[in-house]
Amino acid sequence: MRIVRAKPEDAGVLSEIAFEAKRQWGYPESWIEGWAETLAITPAYITSFPTFAAVADAEILGFCSIRIDGEEARMEHLWVRTMEQGRGVGRMLFRHCEMIAKRDGAAVLRIESDPNAEGFYLEMGATAVGRVPAHVAGVERYLPLMEKSLD
């Protein structure tokens, strides 16, 4: 497996992976539809922000993207195909984002996590620093805010 820079023509596959991974947590389809704008990856997004794909045998297994603003980097996406979860793909992508953020001068990596992914980010060395409201369809929900120092 290797990590490569995603290309604009990968947008459809990356979107498919994001939707698949989000669905595996059992959210109602109406919620998934409400998150479509956030989950859909466009060619313009890939061109504008560092986006990387984990590839094996010419197949994209997962991807990640970050936004870097001075000393702060924000992980915007980290999604892995359901059948590849637990095999180190996510860890490899996370480490790659850390490396890119650090290389580009960031001192901290911030993540607004799905509640179901919080344990993964804790395992990767991030800490919970707060939460943000993310109500959907009248259900009170909160997303964990995670942070990892890149020093």
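The values are calculated or read from the model by the stated rules, or taken from the named source; none is laboratory data. Just so we're clear, the structure is a prediction, and the values are computed from it rather than from any experiment. We place every Cβ from the backbone using ideal geometry, glycine too, and count neighbours over all the protein chains shown.
Restricting the range 23-51 to residues that are in a helix (DSSP H, G or I) and among the hydroxyl-bearing types (Ser, Thr, Tyr), which is farthest from Asp104 (Cα to Cα)? Restricting to residues being in a helix (DSSP H, G or I) and among the hydroxyl-bearing types (Ser, Thr, Tyr), the top hit is Ser30. Just one of the listed residues (Leu122, Leu109) is more than 19 Å from Asp10 (Cβ to Cβ) and either surrounded by fewer than 22 Cβ atoms within 10 Å (Cβ to Cβ) or polar (S, T, N, Q) (or both), namely Leu122. Assess whether Trp35 counts as being under 22 Å from Val136 (Cβ atoms), within 16 Å of the chain's Cα centre (by Cα), surrounded by 14 or more Cβ atoms within 10 Å (Cβ to Cβ) and at pLDDT below 95. Yes.
Is it the case that Arg67 is of a type in the set (Lys, Arg) and under 12 Å from the mean Cα position of the chain (by Cα)? Judged against the criteria, Arg67 is a match. Pairing residues of the range 128-151 that are in contact (Cβ under 8 Å) with a residue 40 or more places away in the chain with residues that are among the β-branched types (Val, Ile, Thr), at Cβ distances under 9 Å and at least 6 apart in sequence or on separate chains, gives Lys148/Val108; Lys148/Ile111; Lys148/Thr127; Ser149/Val108; Ser149/Thr127; Leu150/Val108; Asp151/Val108.
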